[in-house]
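Enquirer: After the structure tokens below, expect a handful of questions from me.
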Amino acid sequence: MRYQISGKQIDIGEALQTHVKAEFGELVEKYQQRPTEAVVIFSRDAHNLVCEATLHLSTGLTAQAKAQATEIYAAFESCREKLDKQLRRYKRRLKDHHRDRAKPVEFAGASSYILAGDENATDSEPDSLQPIIIAEMETRIPSLSAGEAVMQMELAHAPVLIFRNERHGGLNVVYRRDDGNIGWIDPQ
């Protein structure tokens with residue numbers, strides 16, 4: 001597993017890095033997952049220390065957690081407990097689905113854009129109806145079943161997830177509706 005442990009505007013020592021690697025090793029071993037990468041970022045927010053952790057698994061799951069405390073080790077422990085809870089729920093759901101994934105999730109590349117309108121526009125019709133692209137980045141689209149996509153979206157606390165449906169290979173979307181239910185778009 002690849003670790004990326006860093007601090008924003010704070011110095012983290014070798015002891016903290018060793019502690020993080022040992023705790024994540026135990027966490028992953030406990031649930032028998034196959035992690036590919038762990039990213040842990042420590043930062044300061046006023047008088048509190050913040051720990052943000054992201055754990056990428058070979059199944060395509062990305063578990064994320066964020067915690068604050070007055071001490072750096074306490075912030076990490078709280079963050080680790082949140083990840084532990086997410087992985088426990090994930091494992092329970094996998095047992096409920098009775099499905100073992102023999103190979104890792106395949107990802108396809110796609111471009112992601114952030115569009116902005118003209119800030120100086122008045123109520124009149126603009127000369128060009130083309131929005132301005134202010135950011136372009138690469139994103140990954142996983143190949144999942146609909147149930148796995150909903151699980152991934154819920155665990156990542158994302159409002160929407162685009163995925164390639166394993167059954168037929170087409171692009172699908174799952175999203176959280178205003179009424180709290182999950183919507184699924186499966187174009188034919």
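Enquirer: Residues that are exposed (fewer than 13 other Cβ atoms within 10 Å of the Cβ) and modelled with pLDDT under 85: which strands (runs of 3 or more DSSP E) entirely in region 110-177 hold 2 or more of them? Steps first, please.
Expert: On the way: elements: 132-144, 160-165, 171-176.
So the answer is 132-144.
Enquirer: Evaluate the following for Gly7: is it at pLDDT 85 or above and in contact with a Phe, Trp or Tyr (Cβ under 7 Å, 6 or more places away or on another chain)? Break it down stepwise before answering.
Expert: Numbers: at pLDDT 85 or above: yes; in contact with a Phe, Trp or Tyr (Cβ under 7 Å, 6 or more places away or on another chain): yes.
Judged against the criteria, Gly7 is a match.
Enquirer: While we're here: For region 178-188, give me each residue that is surrounded by 12 or more Cβ atoms within 10 Å (Cβ to Cβ) and closer than 20 Å to Arg93 by Cβ.
Expert: Once the filter is applied, which keeps residues that are surrounded by 12 or more Cβ atoms within 10 Å (Cβ to Cβ) and closer than 20 Å to Arg93 by Cβ, region 178-188 yields Ile182, Gly183, Trp184.
Enquirer: While we're on this one: Please determine, by comparing only the residues of region 40-56 that are closer than 19 Å to His157 by Cα and crowded, with 20+ Cβ neighbours inside 10 Å, which one is farthest from the chain's Cα centre (by Cα).
Expert: Filtering first and then ranking leaves Cys51.
Enquirer: Could you please give the count of residues in region 6-39 that are among the aliphatic types (A, V, I, L, M), surrounded by 12 or more Cβ atoms within 10 Å (Cβ to Cβ) and farther than 14 Å from His56 by Cα?
Expert: Kept after step one, since they are among the aliphatic types (A, V, I, L, M), are these residues of region 6-39: 10, 12, 15-16, 20, 22, 27-28, 38-39.
Now narrow it down to the ones that are surrounded by 12 or more Cβ atoms within 10 Å (Cβ to Cβ): 10, 12, 16, 20, 27-28, 38-39.
Going one step further and asking which of them are farther than 14 Å from His56 by Cα, we end up with 10, 12, 16, 20.
Adding up the residues that qualify gives 4.
Enquirer: I'm trying to understand the selection: among the residues of region 10-44, which are modelled with pLDDT of 90 or more and among the polar types (S, T, N, Q)?
Expert: Across region 10-44, the qualifying residues are Gln17, Thr18, Ser43.
Enquirer: So the check is Cβ under 9 Å with 6+ separation or different chains; which pairs have a first residue in region 68-91 that's farther than 11 Å from Leu55 by Cβ and in contact (Cβ under 8 Å) with a residue 24 or more places away in the chain and a second one that's in a helix (DSSP H, G or I) and among the hydrophobic types (A, V, I, L, M, F, W, C)?
Expert: Close Cβ pairs satisfying both conditions: Ile72/Leu16; Tyr73/Leu16; Phe76/Leu16; Phe76/Val20; Arg89/Met151; Arg89/Leu155.
The values are calculated or read from the model by the stated rules, or taken from the named source; none is laboratory data. In this text, all values refer to a predicted model and were calculated from it rather than measured experimentally. Neighbour counts are summed over all protein chains in view; Cβ atoms, including those assigned to glycine, are modelled from backbone coordinates with ideal geometry.
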